[in-house]
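Step one of this worksheet: look at the structure below.
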Amino acid sequence: MAKNLVLVESPAKAKTINKYLGKNYIVESTVGHIRNLPKARLGVDVENNFLPQYVTIRGKGDTVKKIKSLAAKSEHIYIATDPDREGEAIAQDIADILNGHSSGKLHRVLFNEITKTGVKKAMESPRNIDGNLVSSQRARRVMDRIIGYKISPFLWKAIIEISGSSSLSAGRVQSVALKLICDREEAIDIFVAVEYWSLWAVFKTVKGETFKAKLFSINGKDIKVRPKADLQGAELDEFLEKYLAIGNEENAQKIFDVLRGKNNFAISNIVKRNTKRNPYPPFITSTLQAEASRRLRMRPKQTMMLAQKLYEGVDLGKEGTVGLITYMRTDSTRLNDEIVSEVRDLIKDTYGQAFIPETPNSFEKKKKINVQDAHEAIRPTSLKYTPQFVKPFLDSRSYKLYELVWLRFFASQMTPALMETTVIEISADEFLFKAFGTAIKFKGFMQVYEEIAEPRENTEDREEYANDTIPLGLEKDQKLALDELQKTQHFTKPPARFTESSLIKELESKGIGRPSTYSMIVSTIQDRKYVDMVERKLSPTKLGKAVSKILVTNFPEIINEYFTANMESELDQIASGENQYVKVLNDFYTPFSKALKKVEDKVEKILCDKCGSEMDIKIGRFGKFLACTNYPECKNIKSLKSVAAANQEPEYTGETCEKCGGRLVFRTGSFGRFVGCEKYPDCDFIRNISFGVPCPKCSDGDVVERKSKRGRLFYGCSRYPECDFVSWYKPVAKPCPNKDSKYMEQRYSVKKGQYLRCPVCAEEAQIETEESETSEE
């Protein structure tokens with residue numbers, strides 16, 4: 001009897017599904033995409049309705065042969081790639097390569113959760129491949145290829161003197177993400193802090209109870225901070241007509257002295273307001289990444305890697321291998337009725353009737369539903385697998401992420417928290433103070449979960465007058481004594497740099513990118529050295545600023561938030577059948593080609609030093625290079641690095657050469673970066689870049705960075721070949737906690753992320769700086 005073939009993307013996913021389907025099924029993995037656009041050419045026929053020219057990915061030939069062979073022997077072929085736009089495109093690629101090589105019938109199945117029940121349901125309801133979804137993914141890929149392929153060479157020529165790198169790239173979404181970061185950095189650079197002072201007091205009742213209050217108004221004018229330092233003219237007059245600004249110590253002291261002489265403080269008003277705090281919706285991709293970053297200090301790529309494993313399946317001992325969460329790339333907050341009914345019962349059993357609402361909570365999205373909204377929210381696949389149940393089977397970071405998903409889902413179906421906010425107004429003649437207090441009357445969902453919010457700007461003065469509790473029994477007209485009076489200087493702060501999670505939130509709010517691309521976008525701009533991570537914040541590098549400026553200046557109609565969001569919307573319209581592949585790409589390509597034509601003439605030509613013709617950038621087996629356009633009459637070629645080296649401004653160290661007195665500069669050789677003299681070749685002084693760690697073998701040299709013949713970084717003694725100490729791990733000038741070594745080694749594992757380890761006793765320690773991790777649109 002012919003067996004049935006099931007095709008998935010991941011080997012781990014294949015292993016889990018195979019256990020559920022039994023002996024009549026063969027489950028095989030494609031290990032991701034099997035076809036892509038060619039690397040060495042555009043691969044898109046723009047004159048023929050943007051027809052993409054897909055080729056089998058290098059190294060996937062054997063996989064394709066195996067799939068064809070298995071398909072030829074199978075009665076039914078079930079394509080069960082991921083339930084999103086990328087998965088649908090892979091499904092179409094499989095169908096295309098099997099055309100004429102399969103005697104069985106093709107089916108498309110979607111596993112939104114990889115459990116026995118989930119797999120059974122999916123296999124019982126196969127469908128055809130969604131052509132609209134495929135067209136949407138193809139249009140996205142073609143659009144990204146055209147932008148990258150057409151703009152990147154312009155970028156290489158325009159900025160080669162700055163970078164000396166041939167790895168520069170432009171992308172439809174990554175370039176806008178970089179623009180957002182650079183725009184924020186510019187706002188920070190031009191920001192001028194505004195000085196302001198706050199006055200606050202501690203008041204005492206006749207019973208000796210105390211509470212804090214802040215001075216809010218004088219003579220009916222609210223005290224406000226000037227919105228900007230250079231406020232003047234009519235704007236300043238309008239502001240001062242409405243508000244009072246305490247902008248320096250002299251003014252603050254005058255008010256302070258008057259207040260200190262007052263003895264007629266009394267409660268002039270008490271306002272109590274009951275409010276509800278609603279539970280948060282279950283996670284979608286962006287909110288999971290944001291909350292994991294704030295609460296667990298996980299970077300988006302790591303969050304998605306761990307979530308992928310939880311989705312694909314975890315070995316739970318006697319329970320077997322089970323997918324613990326639903327599909328993790330989703331914009332949807334929907335939940336199926338069955339799981340909602342189950343969790344409501346569990347909430348009632350655990351906390352009581354008061355903690356479940358009369359009807360299940362639902363969370364409607366404000367924006368138009370897109371293709372990713374076809375899924376459920378990210379949730380546990382079964383309430384049987386509580387965090388405590390699965391803890392023995394998970395590493396610590398996977399467990400923390402699963403617990404986060406569980407608690408968020410659980411709390412999403414609980415009742416709101418009931419809060420009582422009290423505002424006490426205290427008056428003395430023209431002065432009005434306000435005290436604030438909030439009490440929780442009923443915890444509701446907060447019994448289980450409370451989100452950690454992003455830090456807010458310019459809020460440090462709030463801590464001065466915050467009250468944990470407000471004394472009971474306060475009444476209007478009640479006299480109060482001034483127990484303490486303080487004045488404090490503050491300065492407004494510039495906009496905060498984006499964190500990885502806040503950048504993803506910004507992209508999502510502007511309709512840029514999709515769940516499957518968020519973490520890749522953030523990773524790409526860091527891998528390209530456009531952005532550095534500084535204290536967990538994204539800071540543009542000199543290169544990143546230059547790239548962004550060139551792109552935004554020369555392609556303002558393309559590299560902007562509106563155009564990119566509009567293209568995302570049109571791509572979603574293709575997926576829903578409301579728009580057509582060719583029309584959307586024409587809408588994009590017409591303005592793009594005009595913009596490209598304008599800027600191509602602005603770029604300074606690189607001329608052939610042999611025949612004088614223009615040199616053009618080509619892509620070969622070993623990367624990008626410059627070739628004469630007069631080929632085959634002239635066969636002159638040059639590396640991009642050689643051109644950059646001739647034009648690049650040296651990077652000075654700030655030190656002087658001990659051999660000739662010249663300035664020292666950073667250089668890059670075949671064995672990595674080093675320090676050399678600016679007067680080379682007249683002066684041949686060189687020095688390795690040290691990490692401040694003495695060689696543990698000879699003690700006379702320093703541990704320095706080296707590069708192997710294959711380009712892999714390693715670390716060795718500066719006295720090589722006299723000393724042959726080598727290590728694959730980066731040394732960190734931090735002593736072992738057990739004092740067994742004067743340095744630690746920086747290591748990485750999937751379970752632990754970046755950490756330090758003693759090379760002698762193997763004692764481990766956390767890295768105090770931001771975890772390093774590598775991961776376009």
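How do ILE255, ILE325 stack up against each other in accessible area, from largest to smallest, with a 1.4 angstrom probe?
Listed by decreasing accessible area, they come as ILE255, ILE325.
With point charges of +1 on the Cβ of Lys and Arg and -1 on the Cβ of Asp and Glu, referenced to the Cα centre of the chain, which listed residue (PRO681, SER10, CYS736) lies farthest in the positive direction of the dipole?
So the residue we want is SER10.
Let's see if you can work this out: charge +1 on each Lys and Arg Cβ, -1 on each Asp and Glu Cβ, no other charges. What is the dipole magnitude of the stretch 41-115 about its Cα centre, in debye to the nearest 20?
Charge dipole of the stretch 41-115: 440 debye, to the nearest 20.
Could you sort out which of LYS3/LYS384; LYS228/LYS594; LYS179/LYS301; LYS542/LYS638; LYS39/LYS594; LYS116/LYS309 sit more than 28 Å apart by Cα distance in this structure?
Violating the 28 Å Cα-Cα cut-off are LYS3/LYS384; LYS228/LYS594.
So, counting K/R as plus one and D/E as minus one, what does the shell of residues with Cβ under 11 Å around LYS384 add up to?
On the way: positive: none; negative: GLU319, GLU342.
Result for the neighbourhood of LYS384: -2.
Can you tally the net charge around ARG108? Count Lys and Arg as +1, Asp and Glu as -1, for every other residue whose Cβ sits under 10 Å from the Cβ of ARG108. If you can, show how the numbers build up before the last one.
Numbers: positive: ARG127; negative: GLU88, ASP130.
Computed value for this residue: -1.
Give me the net charge of TYR729's neighbourhood, meaning all other residues with Cβ under 10 Å from the Cβ of TYR729; Lys, Arg count +1, Asp, Glu -1.
Charge balance near TYR729 sits at +2.
If you restrict to DSSP beta bridges whose two residues both lie in the stretch 187-340, what percentage is antiparallel, to the nearest 5?
So the antiparallel bridges in the stretch 187-340 amount to around 80 percent.
Taking a 1.4 Å probe, which of ILE440, ILE129 shows the most accessible area, and what order do the others take after it?
So, going from the largest accessible area down, we get ILE440, ILE129.
Grab the beta carbon distance between THR656 and ILE188, set R0 = 30 Å, and tell me the FRET efficiency rounded to 0.05. Could the numbers behind the result be given before it?
Working: r = 34 Å, r/R0 = 1.13.
E(calc), rounded to 0.05, equals 0.35.
Just to verify a number: what accessible area does LYS212 come out at with the full protein assembly present, 1.4 Å probe, Å² rounded to tens?
60 Å²
Out of all DSSP beta bridges in the chain, what portion is antiparallel? Express it as a percent rounded to 5.
So the antiparallel bridges in the chain amount to around 90 percent.
Leaving out ligands and nucleic acids, and using a 1.4 Å probe, what accessible area per residue does the chain come to in Å²?
Values: 39530 Å² over 777 residues.
Per-residue accessible area for the chain comes out at 51 Å².
Ignoring ligands, DNA and RNA, what percent of the accessible area of the chain is carbon or sulfur (1.4 Å)?
It is 48 percent, rounded to a whole number.
What shape does the chain take by its C-alpha gyration tensor, where a ≥ b ≥ c are the square roots of the eigenvalues and a/c under 1.5 counts as rounded, a/b above b/c as prolate, and the rest as oblate?
In terms of gyration-tensor shape, oblate.
Can you give me the solvent accessible area of TYR652 with a 1.4 Å probe, rounded to the nearest 10 Å²?
Number for this one is 80 Å².
So for MET305, MET123, MET744, what's the accessible-area order with a 1.4 Å probe, most first?
MET305, MET123, MET744
Probe 1.4 Å, all protein chains in place: accessible area of ARG757 in Å², nearest 10?
70 Å²
Would you mind working out the magnitude of the charge dipole of the chain relative to its Cα centre, with +1 at each Lys and Arg C-beta and -1 at each Asp and Glu C-beta, to the nearest 20 Debye?
2620 debye
The values are calculated or read from the model by the stated rules, or taken from the named source; none is laboratory data. Not measured: the values here are computed from a predicted model. Glycine also receives a Cβ, built like all others from the backbone with ideal geometry; neighbour counts cover every protein chain displayed. Just so you know, the surface numbers come from the protein's heavy atoms only, side chains and all, with ligands and any DNA or RNA stripped out. Shrake-Rupley method; radii C 1.70, N 1.55, O 1.52, S 1.80 Å.
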